[in-house]
Amino acid sequence: MLNIALPKGRLGEKVYGMLERSGYGCPAIKENGRRLIFESPDGSVRYFWVKPSDVSIYVERGAADIGIAGKDILLEYSPSVYELLDLNIGKCRMAVAAPKGFYDDRTRTLKVATKFPNVAKRYYAALSRDIDIIKLNGSIEIAPLLSLSDVIVDIVETGTTLRENDLEVRETVFPISARLIANKASFKFKTEEIEELVSNMRLQIKKDD
Ligand code: PRP
């Protein structure tokens, strides 16, 4: 049996759709309840719904053999897992954003609010820029509006949140998409099952036009 950690939410539902079309369906998962673990009728897979930022923890520690995590999470936490496939969904980007017209005085320490402190530190270290990180857990866009920070390092998908809060993208840090990841020991001991799942999933990946 393969244990698969799915990220709760819209991305997880899309990924489950790909898995179902790949032959790993589990009808019970579609029931509207609060259950978090589901086993397929033939006993070949077991799904868990977990918080998106926790998927790599379940996979790294072997509680799940396989999981789906955004590249943002993988770059922030650097889990020791194999990244097997870019699913080309959940696409967005990590960006630096600031209030419109913000002037960046490079002689001053830059105050950076973010949910991704490691990503932000690495980005500014490469630019030899002195920064002060303010780690937040959500609604990052508020920070520069209240002068808690100068800029933010955050995910931008449609850009609506930035626009509606009078912020603009200053730099793109990296593009993001969902990745299929595997536990290292599972990959060794369940190689055939995992490779079969990967090649079935590969057929479901939609290429960009
Ligand atoms: C994410 C991200 C941005 C927003 C970007 O937040 O942190 O705030 O989505 O999307 P957009 O460009 O389409 O507007 P999320 O919804 O995860 O909520 P959060 O404020 O709790 O981080």
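Listed values, structure above:
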{"quantity": "Some residue of region 183-196 being of a type in the set (S, T, N, Q) and farther than 23 Å from S53 by Cβ", "calculated": "yes"}
{"quantity": "Lone unmet requirement of (1) farther than 30 Å from E196 by Cβ; (2) open to solvent by less than 50 Å² (accessible area, probe 1.4 Å) for R106", "calculated": "(2)"}
{"quantity": "Subset tally (residues that are open to solvent by 80 Å² or more (accessible area, probe 1.4 Å) and more than 21 Å from the chain's Cα centre (by Cα)) for region 176-197", "calculated": "5"}
{"quantity": "Among (1) open to solvent by 20 Å² or more (accessible area, probe 1.4 Å); (2) of a type in the set (S, T, N, Q); (3) closer than 23 Å to M201 by Cα; (4) under 15 Å from the mean Cα position of the chain (by Cα), the one test that S44 misses", "calculated": "(4)"}
{"quantity": "When residues of region 189-205 are limited to those that are in contact with a Leu (Cβ under 9 Å, 6 or more places away or on another chain) and part of a loop (DSSP other than H, G, I, E, B), the one farthest from L87 (Cα to Cα)", "calculated": "K190"}
{"quantity": "Listing of helices (runs of 4 or more DSSP H) fully contained in region 99-170 that carry 1 or more residues being within 16 Å of the ligand (Cβ to nearest atom), closer than 20 Å to Y77 by Cα and touching a strand residue (DSSP E or B) at 6+ places or on another chain (Cβ under 8 Å)", "calculated": "117-126"}
{"quantity": "Test: residue in region 178-185 that is within 14 Å of K100 (Cβ to Cβ), of a type in the set (A, V, I, L, M, F, W, C) and touching a residue at least 24 places away in the same chain (Cβ under 8 Å)", "calculated": "no"}
{"quantity": "Residue count for region 171-188, restricted to those that are of a type in the set (A, V, I, L, M) and in a helix (DSSP H, G or I)", "calculated": "1"}
{"quantity": "Residue match in region 23-38 (condition: within 23 Å of the chain's Cα centre (by Cα), at pLDDT 95 or above and among the β-branched types (V, I, T))", "calculated": "no"}
{"quantity": "Residue that is least open to solvent (accessible area, probe 1.4 Å) [pool: residues in region 146-172 that are over 11 Å from A98 (Cβ atoms) and aliphatic (A, V, I, L, M)]", "calculated": "V156"}
{"quantity": "First in region 135-152 and closer than 9 Å to A113 by Cα, second anywhere and more than 13 Å from the ligand (Cβ to nearest atom) and of a type in the set (G, A, S), Cβ under 6 Å, 6 or more apart", "calculated": "A143/S149; V151/A98"}
{"quantity": "Condition met for K91 (closer than 15 Å to I176 by Cβ and either at pLDDT 95 or above or touching a Gly at 6+ places or on another chain (Cβ under 7 Å) (or both))", "calculated": "yes"}
{"quantity": "Yes/no for V173 being β-branched (V, I, T), more than 16 Å from the ligand (Cβ to nearest atom) and under 23 Å from the mean Cα position of the chain (by Cα)", "calculated": "no"}
{"quantity": "Enumeration of residues in region 47-70 that are of a type in the set (S, T, Y) and open to solvent by 10 Å² or more (accessible area, probe 1.4 Å)", "calculated": "S53, Y58"}
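The values are calculated or read from the model by the stated rules, or taken from the named source; none is laboratory data. It should be emphasised that the depicted structure is a prediction, and the values quoted were computed from it without experimental measurement. All Cβ positions, even for glycine, are placed from backbone atoms using ideal geometry, and neighbour counts span all protein chains on display. Protein only, heavy atoms only, side chains kept; ligands, DNA and RNA dropped before computing areas. Shrake-Rupley method; radii C 1.70, N 1.55, O 1.52, S 1.80 Å.
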